[in-house]
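I have placed the structure first, in the form of structure tokens, so that the comments after it can refer back to it.
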Amino acid sequence: MRKYGINVGIGVDGSASNDSGSMLGEMRLALLLHRLTDGGAEVSHDNWMTPYDVLVMATRTAAAIIGRDDIGRVAPGLCADIAAFDMRGVGFAGARSDLLSGLLLAGDDTRASLTMVAGEPLVRHARLLRQDEYTLRDTADRAAARVVARASSVTGVDYLDFGIKQGV
């Protein structure tokens, strides 16, 4: 699609399609999956997307697709939405010569060390600043339990036991 000038963006819309909500996971997946075509034959190395291509797809291109010119890049007067990652851990060993490639391909920690939205820090040192993570998780768990209970009542399927019976 990109070869023919079609804008392709990368994004995460929530647990309906991505249980972890990991933008880095989606970027990694895009970087790796595009290398396969025709049922698994590898695309030649010359045609591989680069980590920078994927970064642009997840930022500038995605912003353009949804009609936003105030996000997708860092520049004066724009929203200043920024995510930063601590790459000092052993999961990034050997990946320090190309930090973007290391972040997308080598690292196993996708938790942002710093997140800013509209210039306001919301995460610092990988911890939420405005909410208690355990309370937030408990709230989400209760909401999920309500959804599962409702789905069970509508379908007659015991979803709490379903995964065990299916070998999941």
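The values are calculated or read from the model by the stated rules, or taken from the named source; none is laboratory data. On a predicted model such as this, the values are computed, not experimentally measured, just so you know. Because the Cβ atoms are built from the backbone with ideal geometry, glycine has one as well, and the counts that use them run over all protein chains shown. With ligands, DNA and RNA removed, areas are computed over all heavy atoms of the protein, side chains included. Shrake-Rupley method; radii C 1.70, N 1.55, O 1.52, S 1.80 Å.
Remark: region 20-130 is approximated by an ellipsoid whose semi-axes, taken from the C-alpha gyration tensor as √(5λ), come to 26, 20, 12 Å, largest first. The dipole here belongs to the chain: it is taken about the Cα centre, uses +1 on the Cβ of Lys and Arg and -1 on the Cβ of Asp and Glu, and is about 180 debye.
Give me the angle, in degrees from 0 to 90, between the Cα long axis of helix 133-155 and the longest principal axis of the Cα atoms of the chain, rounded to the nearest 10. Once rounded, the angle reads 60 degrees. Estimated from helical segments only, the mean residue ellipticity of the chain at 222 nm is -9000 deg cm²/dmol, where each DSSP H run of four or more residues counts as -39500 (n - 2.57). In the context of the full set of protein chains, region 85-132 has a per residue accessible area of 67 Å² (1.4 Å probe). Taking the C-alpha atoms only, the angle from helix 23-33 to the longest principal axis of the chain is near 70 degrees. Compactness of region 91-164 was expressed as the Cα radius of gyration divided by 2.2 N^0.38 Å, which yields 1.69.
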